[in-house]
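Here is the structure we will look at.
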Amino acid sequence: MSVKEILTEPHEVLRQVSKPVERVTKEEQILMDDMLETMYHANGIGLAAIQIGIPKRIIVMDIAWKDEKRNPMYFVNPVIKNKNKDLSTYEEGCLSVPNQFAEIDRPATCEVEYLDYNGEKKMLFADGLLATCIQHEMDHLEGILFIDYLSKLKKSMILKKLSKEKKNSETLVI
Ligand code: ZN
């Protein structure tokens, strides 16, 4: 397993639509292992493959590992089957939008069909943080970031900050 570099906004790769995985092979499993390690290393609770520059429809998540022991979840080709009309609001952040947070409304529950780590078809009913997290990660597969839901003004403020931070950090690279 190895820790990969996480792409941060603005970055055109993050805006790509990821492609479905034909079959879960050793290659995808190694990718999922690396993604998980990268996510834990960055203190995140979810990561999509595109965030490390791989345009495949793969997500890893572990929403409780900070408090309890690790409970990794793997989603390949996830599809939302049912969404609740009721919304819930969480303050979201993103490893690709560092140090920025905003309240986002999303369907409070959803059902997701996907392939697991072994390529087996599974169905998951998600609510609470799990529902928000899976929907946030699935947005990455479409090239969507949580800041896209904000007002133009708020989004441009965040983008400005991110560009500034990026510039500063790049000048420190020797
Ligand atoms: Zn994210």
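The values are calculated or read from the model by the stated rules, or taken from the named source; none is laboratory data. Remember, predicted model here, so these are calculated numbers, not experimental data. As a convention, Cβ positions derive from the backbone with ideal geometry for all residues, glycine included, and neighbour counts pool all protein chains shown. Ligands, DNA and RNA are stripped out before the accessible areas are found, and what is left, the full protein with its side chains, is counted by its heavy atoms. Shrake-Rupley method; radii C 1.70, N 1.55, O 1.52, S 1.80 Å.
So here's what we get for this one:
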quantity	calculated
Whichever residue in segment 17-34 is among the hydrophobic types (A, V, I, L, M, F, W, C) and touching a residue at least 60 places away in the same chain (Cβ under 8 Å) and, among such residues, is nearest to Ile144 (Cα to Cα)	Val17
Matching residues in segment 125-171 - criterion: being of a type in the set (Asp, Glu), out of contact with any strand residue (DSSP E or B) (no Cβ under 8 Å at 6 or more places or on another chain) and at pLDDT below 95	Glu170
Every pair of residues 6+ apart whose Cβ atoms lie under 6 Å, when the first sits in segment 85-98 and is modelled with pLDDT of 95 or more while the second is more than 8 Å from the ligand (Cβ to nearest atom) and of a type in the set (Phe, Trp, Tyr)	Glu91/Phe101; Gly93/Phe101
Filter pass, Pro55 being within 16 Å of the ligand (Cβ to nearest atom), modelled with pLDDT of 95 or more, open to solvent by 40 Å² or more (accessible area, probe 1.4 Å) and within 27 Å of Ile30 (Cβ to Cβ)	yes
Any hit, segment 144-162, residues being more than 16 Å from the ligand (Cβ to nearest atom), surrounded by fewer than 17 Cβ atoms within 10 Å (Cβ to Cβ) and not in a helix (DSSP H, G or I)	yes
Verdict on Lys4 being assigned to a loop (DSSP other than H, G, I, E, B), at pLDDT 95 or above and not aliphatic (A, V, I, L, M)	yes
